[in-house]
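The values are calculated or read from the model by the stated rules, or taken from the named source; none is laboratory data. Only a predicted model underlies this, so the values are computations on that prediction, with no experimental measurement involved. When we count neighbours, we look across all protein chains shown, and the Cβ atoms used for this are built from the backbone with ideal geometry, even at glycine.
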Amino acid sequence: MPELLRHPAGVAGTLLLAILAVAVVAGPVLAPYDPQAFHTLARLQGPSLPYWLGTDQFGRDLLSRVLQGARATVLFGVGATLGGVAAGSLIGVTAGVLGGWVDSVIMRLLDGLLAVPDLLLTLLIVTVLAGGGGHAMLAVAVAFTPGLARIARSAVLSVRTREFVQAAVARGEGRGYIIVREVLPNAIGPLIIEATIRVSFAIMIGATLGFLGLGAQPPSTEWGLMIAEARQYMFRNPWCVVVPGVAIAISALGFNLTGDALRDLLDPRLRHAAAR
Amino acid sequence: MSDDDSTVLSVRDYSLDYATREGPVRALREINLSIMRGRTLGLVGESGSGKSSLAWSILRALPPNARELGGTIRLLGEDLRQRTRREIAAIRGARIGIVFQDPSTSLNPTLTLGAQIAEVLVRHRGLARKEALAEGERLLARTGIARPADMMRRYPHQASGGEKQRVVIATAFACNPECIIFDEPTTALDIITARQILDLFAELQRETQVAALYISHDLALVARVADEVAVIDQGVIVEQAPAAALFAAPRGEYTKALLAAVPDPRRRLVNAPPDIDAPPVFSVNRLCVRYGQTSALMRLLGRAATPVAALTDIGFSLRRGEILGIVGESGSGKSTLARAIVGLEGFAGEIRLGEDSFSARPLLDRAYRRAVQIVFQNPDASLNPRQRVGDILARPLKLYGLARGADIASRVAALLTDVRLPPDFAGRYPHQLSGGEKQRVAIARAFAAEPRIVICDEITSSLDVSVQAVVVRLLLDLRARTGASCLFVTHDLNLVRQIAHRIAVLYRGDLVDLFEVDAFDVAGRHPYTRALLEAVPIPVAS
């Protein structure tokens, strides 16, 4: 952690994530108004003293709504990624450890799925499952699984040939011990990095789905949905699109920069370059 | 030692630091050395001693965090430190040549060997491309390559390690440089190839009268090639003398310790012979290992890979407490043998442990695996970086049920004491230990299982000479106390002659020779054994 704060991208990323964390934890408390309250006399306003970031087409306070929406948005991103990591590492580790024809079959199936872009795959799954926040999250998790499985598998393969794993095999250790105690702790690094970066993609896909009406449903304050609802009024008051848009950008950037910094710090070959 | 007309390279009062986040790190202090025309200066030091830093300083190719604190580096009187980057580029390769340790990384894999020699000639000697290629061929012929025209057209991966190093040497000599730096030029090569390269070096040096700086960790080797030797320790040259004088009568404490640590076959470390009449505790009969399995998909398509025999019909036995040395070049199958015996490779044939006989890898049971332990070459790789030393040593105790509960901690402490490490090392992670300390932990882990056989797979080759000696003594001590037998796989012939009772020679997967260590020199040895023996210099008497 202290090293993260010495890395330029790490500092920026951590700062952005800290802002996001405050919004997630204390957003509803900090919000000056009820995010769903209509202030009919102050519709589509720019920033002002009573409404710091302006109001939307119903006169709802944008600051309050964006603070409220942080929880749903971040939860979606983190939840979908964790789901993908869980499924992906299970599949990837299985393929990497068992090898042979199991590996061949799993990897060829994943190759096929990887050929389809994440967003397209998500849309396909969401359409089949019917929309809604929960289903959208599941769809993103499924779409992430092949990529994460590949990473888990290659991490396992590179660790499996290391001599300390060979030593455990020579000792006569069981397969379970070798996977859990010897391989996984050394293979987890690349997965953590990839997951951090992917949270930002998940947030953006979530926002896209919200925008298309396939994700969170009104009156949720999910940021993508906020943009979708306000898009007709975009030219009368840009703020109602810009505010949630910037919020999405901040969180995506935060996760992305932190992920980049983690990658540099966990890779010993890049470590020195980063320090200079 | 004063600079006169025949001094080619002279370094005076040269000091160097590296700037790091933790502050400056000392690399070189007050270095003084000079090399005359036609002479070779050997620079000997252990890893981290600064010997490579000095090579980079002379070549003016220091990393950006290097801080030169003063001194001069003169080539025929002109100070290289005052030269611009462009002037240095013209000097490097033309007037100072370099031969690195590993020819496979110093050659560009995407260019033919001919193109790489020609490039130097075009650039520094201004030859036309056609002339350069012809000259390159002539240079290759001079390095003893059999068909130079053919070699010119090959890519690096189509040449052997020895051939590649010859090409690198030909390139270094191509522009008739005044000075050539050899940075461990034979370390990455096989024993016999290394010997040929060394002979080539001597011959070319005599012929061209180049001034050579020969950097190595290997004292015995430097004794053969150098006229004068400088010993460097922690950035300081601690002793400098003519080679014969230095080896006959070392003055410095460090030099003495270094010389004493060099394995010398005339100084046996193991004396008591094993009980010859006792039945063998371990044996292998007609052991075979084949590589190249056909994948499921390929089998489906009816394309079977032809298996490659890594080991063919290997047979030997071990008596209680015996040390059997296994020697051979890389690719001879000696590591495969070690791996097959500890159940890391599938095998055919028979392995016997006491009364039990095993005929395939899956049959090796836990009792066998406990009795036969292995120590790997590289302790950085063989210890799990995420586990504490205490957990690493406790694992075999738990796995084989040798200790329970509170006993475990005291057994771990005892194991650490056995390998002369303080018991509080149990709380450390491997990266907090030095290479030698890590290897001692790996040895302790093997002996934790109370084994009957310990396989040592090149356990000293990643360690410095002085650390090697400590680790070997420790192993011998543990072996004497526990009565375990030992299979000592190594390429270091002098070391194996110091410790082994018998020696087995592997050549391309065959066991070609097996004999008592005293019978190393006698007539009737296999020709390959003789070739190995002749390739290895016995250190000068100290």
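Computed quantities for the displayed model
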{"read-out": "Hits in segment B:360-380 (condition: small (Gly, Ala, Ser) and surrounded by 14 or more Cβ atoms within 10 Å (Cβ to Cβ))", "value": "B:Ala371"}
{"read-out": "Number of the condition not met by B:Lys438 [criteria: (1) surrounded by 15 or more Cβ atoms within 10 Å (Cβ to Cβ); (2) within 14 Å of chain A (Cβ to nearest Cβ); (3) at pLDDT below 90]", "value": "(3)"}
{"read-out": "Counted residues, segment B:231-247 - those being surrounded by 21 or more Cβ atoms within 10 Å (Cβ to Cβ) and over 21 Å from the mean Cα position of the chain (by Cα)", "value": "4"}
{"read-out": "Check on A:Thr258, within 14 Å of chain B (Cβ to nearest Cβ) and either buried (at least 24 other Cβ atoms within 10 Å of the Cβ) or not charged (D, E, K, R) (or both)", "value": "no"}
{"read-out": "Answer residue from segment B:312-365, given it is more than 24 Å from the chain's Cα centre (by Cα) and of a type in the set (Lys, Arg) and is nearest to the other protein chains (Cβ to nearest Cβ) among those", "value": "B:Arg361"}
{"read-out": "Qualifying position, being among the basic types (Lys, Arg), in contact (Cβ under 8 Å) with a residue 40 or more places away in the chain and surrounded by fewer than 22 Cβ atoms within 10 Å (Cβ to Cβ), among A:Arg71, A:Arg43", "value": "A:Arg71"}
{"read-out": "Exclusive hit being farther than 19 Å from B:Tyr214 by Cβ, at pLDDT 90 or above and surrounded by 17 or more Cβ atoms within 10 Å (Cβ to Cβ), set B:Gly42, B:Gly71", "value": "B:Gly71"}
{"read-out": "Which listed residue is touching a strand residue (DSSP E or B) at 6+ places or on another chain (Cβ under 7 Å), farther than 30 Å from B:Ser434 by Cα, among the small types (Gly, Ala, Ser) and in contact (Cβ under 8 Å) with a residue 40 or more places away in the chain, from B:Gly71, B:Gly77, B:Gly42", "value": "B:Gly71"}
{"read-out": "Residue, farthest from the other protein chains (Cβ to nearest Cβ), within segment B:367-410, restricted to residues that are farther than 26 Å from B:Val467 by Cα and touching a residue at least 60 places away in the same chain (Cβ under 8 Å)", "value": "B:Ala371"}
{"read-out": "Single condition B:Ser49 does not satisfy, out of (1) in a loop (DSSP other than H, G, I, E, B); (2) closer than 18 Å to B:Leu76 by Cα", "value": "(2)"}
{"read-out": "Segment A:179-212 - residue that is within 14 Å of chain B (Cβ to nearest Cβ) and aliphatic (A, V, I, L, M) and, of those, surrounded by the fewest Cβ atoms within 10 Å (Cβ to Cβ)", "value": "A:Val180"}
{"read-out": "Within segment A:74-94, tally of residues that are within 9 Å of the chain's Cα centre (by Cα) and of a type in the set (S, T, N, Q)", "value": "1"}
{"read-out": "Cross-chain or 6+ apart pairs with Cβ under 6 Å, segment B:215-242 first and over 20 Å from B:Arg29 (Cβ atoms), then among the acidic types (Asp, Glu) and part of a strand (DSSP E or B)", "value": "B:Pro242/B:Glu228"}
{"read-out": "Top-ranked residue of segment A:134-178 - restricted to ones that are within 13 Å of chain B (Cβ to nearest Cβ) and of a type in the set (A, V, I, L, M, F, W, C), ranked as farthest from the chain's Cα centre (by Cα)", "value": "A:Ala170"}
{"read-out": "Those helices (runs of 4 or more DSSP H) lying entirely in segment B:68-185 with at least 2 residues more than 32 Å from the chain's Cα centre (by Cα)", "value": "B:85-91, B:113-125, B:129-142"}
{"read-out": "Matching residues, segment A:78-108, being within 14 Å of another protein chain (Cβ to nearest Cβ) and surrounded by fewer than 17 Cβ atoms within 10 Å (Cβ to Cβ)", "value": "A:Leu98, A:Gly99, A:Gly100, A:Trp101, A:Val102, A:Ser104, A:Val105, A:Arg108"}
{"read-out": "Test: residue in segment B:205-215 that is crowded, with 23+ Cβ neighbours inside 10 Å, part of a helix (DSSP H, G or I) and either charged (D, E, K, R) or under 21 Å from the mean Cα position of the chain (by Cα) (or both)", "value": "no"}
{"read-out": "Residue satisfying all of: in segment B:58-67; surrounded by 15 or more Cβ atoms within 10 Å (Cβ to Cβ) and in a loop (DSSP other than H, G, I, E, B); farthest from the chain's Cα centre (by Cα) among these", "value": "B:Asn65"}
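One line per residue, one yes/no per condition, for (1) small (Gly, Ala, Ser); (2) in contact with a helix residue (DSSP H, G or I) (Cβ under 6 Å, 6 or more places away or on another chain); (3) modelled with pLDDT of 95 or more:
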site	(1), (2), (3)
B:Asp356	no, no, no
B:Asn378	no, no, no
B:Ser382	yes, yes, no
B:Arg386	no, yes, no
B:Pro422	no, no, no
B:Arg428	no, yes, no
